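As structure tokens, the structure follows; a few thoughts come after it.
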């Protein structure tokens, strides 16, 4: 039997990403990477973020047709990172190490606002921008999460507000 002929590797197609996607990455990837590092050590954080951004790239044409592309992209990226990494790593921030585990069992909007603002130190405006949310919703999510985390709060909503999942966020 003669040896199999040597196979030449197939040439990979050149991939050109839309300029809008490149600009989106320039605006958000560093903060997305911080969120990933809060959940996973390197090199896992880079790998999971790469997978998440690949998913955003695949869905890019659909995302930019939606009213809030940043919120849609954040939903994809943060869900993938949370799925792979669980909650914030104890060494990810001093506050994360001091928070009780019950404080992290919150709806996605509250949880993500907590990680971006309280653990990573982003301002409310930066947190809102990354999440594609209004600053007032982020402030409310942070207040609701802090209220929920208080001893004896029992996971209730803020007084005078109905409990429920925030709109435009995944229910978790």
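In the set 135, 128, which member is buried (at least 16 other Cβ atoms within 10 Å of the Cβ) and either modelled with pLDDT of 95 or more or out of contact with any helix residue (DSSP H, G or I) (no Cβ under 8 Å at 6 or more places or on another chain) (or both)?
Being buried (at least 16 other Cβ atoms within 10 Å of the Cβ) and either modelled with pLDDT of 95 or more or out of contact with any helix residue (DSSP H, G or I) (no Cβ under 8 Å at 6 or more places or on another chain) (or both) holds for just one of 135, 128, which is 128.
Working carefully through the options 59, 39, find the one that is in contact with a helix residue (DSSP H, G or I) (Cβ under 8 Å, 6 or more places away or on another chain) and buried (at least 18 other Cβ atoms within 10 Å of the Cβ).
Within the list 59, 39, the selection yields 39.
Among the residues of the range 93-115, is any loosely packed, with under 11 Cβ neighbours inside 10 Å, closer than 23 Å to residue 132 by Cβ and at pLDDT below 95?
There is no residue in the range 93-115 that is loosely packed, with under 11 Cβ neighbours inside 10 Å, closer than 23 Å to residue 132 by Cβ and at pLDDT below 95.
The values are calculated or read from the model by the stated rules, or taken from the named source; none is laboratory data. Just so you know, these numbers come straight off a predicted model, no measurement behind them. Ideal geometry is used to build each Cβ from the backbone, glycine not excepted, and the neighbour counts take in all protein chains shown.
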